[in-house]
Amino acid sequence: DAKTTQPPSMDCAEGRAANLPCNHSTISGNEYVYWYRQIHSQGPQYIIHGLKNNETNEMASLIITEDRKSSTLILPHATLRDTAVYYCIVRVQGAQKLVFGQGTRLTINP
Amino acid sequence: KAGVTQTPRYLIKTRGQQVTLSCSPISGHRSVSWYQQTPGQGLQFLFEYFSETQRNKGNFPGRFSGRQFSNSRSEMNVSTLELGDSALYLCASSSAGGSHNEQFFGPGTRLTVL
């Protein structure tokens, strides 16, 4: 079973920041938080991951709370192409298996 | 670098038949994982192969099997197809050489069982 809880859907206006929350209250000390997204009819795409520090890359920022029980993925300037299902996954370092939950369906509106 | 490729992209079979799906990982990647995606169950892990050995297995019946070749290409086979096997089958490859080996997914094979 997935160890994460996400809202089933969210809406965001184009050009605004999209903030996607994720709860992972049972995360272990050696588990990382990963985010993937799946655009309709395509394979999932890696976005970002982190352990306990905030992370940023060209796609997004990841904010992890100090107790590591929740995190937020931030898309700073959402575009229509960011419309997708976003999955938050906790994963042991080095493990290949990804356990997907139901994810959040993010819709970017013009 | 070419991405993960899967063939065929679409497939229609009837109940009781068997099917073989193919996945070519990114050059240099040695780990290949397979996932099944259905509207009801979402994305579920099937198995992972590394250096021609199954390293991890999900909770699927024995009708689902796979293998990996020396060039890291992988195939999965489903025997005695059931209607419930209709799904998008995704494979993902990674280098599996470090701690944060990102998984790269292919476009999937959409299997319809009639």
Completion exercise
By Cβ neighbour count within 10 Å, fewest first, B:Val32, A:Val85 rank A:Val85, B:Val32
Practice task
Pick out, in residue order, every one of the GluC sites (Glu not before Pro) in region B:17-112 that is DSSP loop and has at most 16 other C-beta atoms within 10 Å; say none if there are none.
Solution key: B:Glu52, B:Glu82, B:Glu102
Completion exercise
Listing A:Ile39, A:Ile89 by rising number of other beta-carbon atoms within 10 angstrom, fewest first, gives A:Ile39, A:Ile89
Practice task
Work out which GluC sites (Glu not before Pro) in chain A are exposed loop sites (DSSP not H, G, I, E or B, at most 10 other Cβ within 10 Å) and give the longest gap free of them.
Solution key: A:1-57
Practice task
On a C-alpha basis, how far is the centre of region B:1-68 from the centre of region A:36-85 in Å? Whole number, if you could?
Solution key: 25 Å
Completion exercise
Scaled by the rule-of-thumb 2.2 N^0.38 Å, the alpha carbon Rg for region A:42-90 gives a ratio of 1.18
Exercise for the section: Using the Cα centre as the reference, give the magnitude of the dipole from point charges on the C-beta atoms of the protein assembly as shown (Lys, Arg: +1; Asp, Glu: -1; all else neutral), rounded to the nearest 20 debye. Expected result: 500 debye
Problem - Kirkwood hydrodynamic radius (C-alpha pairs) into Stokes-Einstein, the protein assembly as shown, 20 °C and 1.002 mPa s, D in µm²/s - result: 118 µm²/s
Exercise for the section: Please tell me the relative contact order of chain A in percent, rounded to the nearest whole number, where contacts are Cα pairs under 8 Å and at least six residues apart. Expected result: 38 percent
Fill in the blank from the handout: Length-normalised contact order of chain B, Cα under 8 Å, at least 6 apart, in percent, tallies to 36 percent
Practice task
Would you kindly derive the ³J(HN,Hα) couplings of region A:65-78 from the backbone phi angles with the Karplus curve 6.51 cos²θ - 1.76 cosθ + 1.60 (θ = phi - 60°), listing them in order in whole Hz, with x for Gly and Pro?
Solution key: 5, 4, 7, 6, 8, 7, 8, 9, 8, 10, 9, x, 9, 5
Exercise for the section: Restricting attention to the protein assembly as shown, give the cysteines that have no other cysteine Cβ less than 4.7 angstrom from their Cβ. Expected result: A:Cys12
Exercise for the section: Send over the Kirkwood Rh of chain A, from the inverse of the averaged 1/r over different Cα pairs, rounded to one decimal Å. Expected result: 13.9 Å
Handout entry: Lysine pairs meeting the criterion (Cα under 30 Å, 8 or more apart or interchain), as found in the protein assembly as shown
Key = 14
Fill in the blank from the handout: For region B:9-21, Karplus-derived ³J(HN,Hα) couplings (6.51, -1.76, 1.60; θ = phi - 60°; whole Hz; x for glycine and proline) come out as 7, 9, 8, 10, 10, 10, 3, x, 6, 10, 9, 10, 10
Fill in the blank from the handout: Computed from every Cα-Cα pair in region B:1-72, P(r) in 10 Å bins starting at 0 and rounded to whole percents is 17, 48, 32, 4
Completion exercise
Exposure-ranked with fewest Cβ neighbours within 10 Å first, A:Val92, A:Val99, B:Val78 stand as A:Val92, A:Val99, B:Val78
Fill in the blank from the handout: A correct Kirkwood calculation over the Cα atoms of region B:46-114 returns a hydrodynamic radius in Å of 13.3 Å
Exercise for the section: Can you pull a Stokes-Einstein diffusion coefficient for region A:63-110 at 37 °C (0.692 mPa s), Rh from Kirkwood over Cα pairs, as a whole number of µm²/s? Expected result: 255 µm²/s
Problem - Cut-off under 5 Å, modelled amide H: who pairs with A:Glu14 long-range - result: A:Asn109
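Readers should treat all values here as calculations from the given coordinates under stated rules, not as data from a laboratory. Keep in mind it's a predicted model, so treat the numbers as computed, not measured. When we count neighbours, we look across all protein chains shown, and the Cβ atoms used for this are built from the backbone with ideal geometry, even at glycine.
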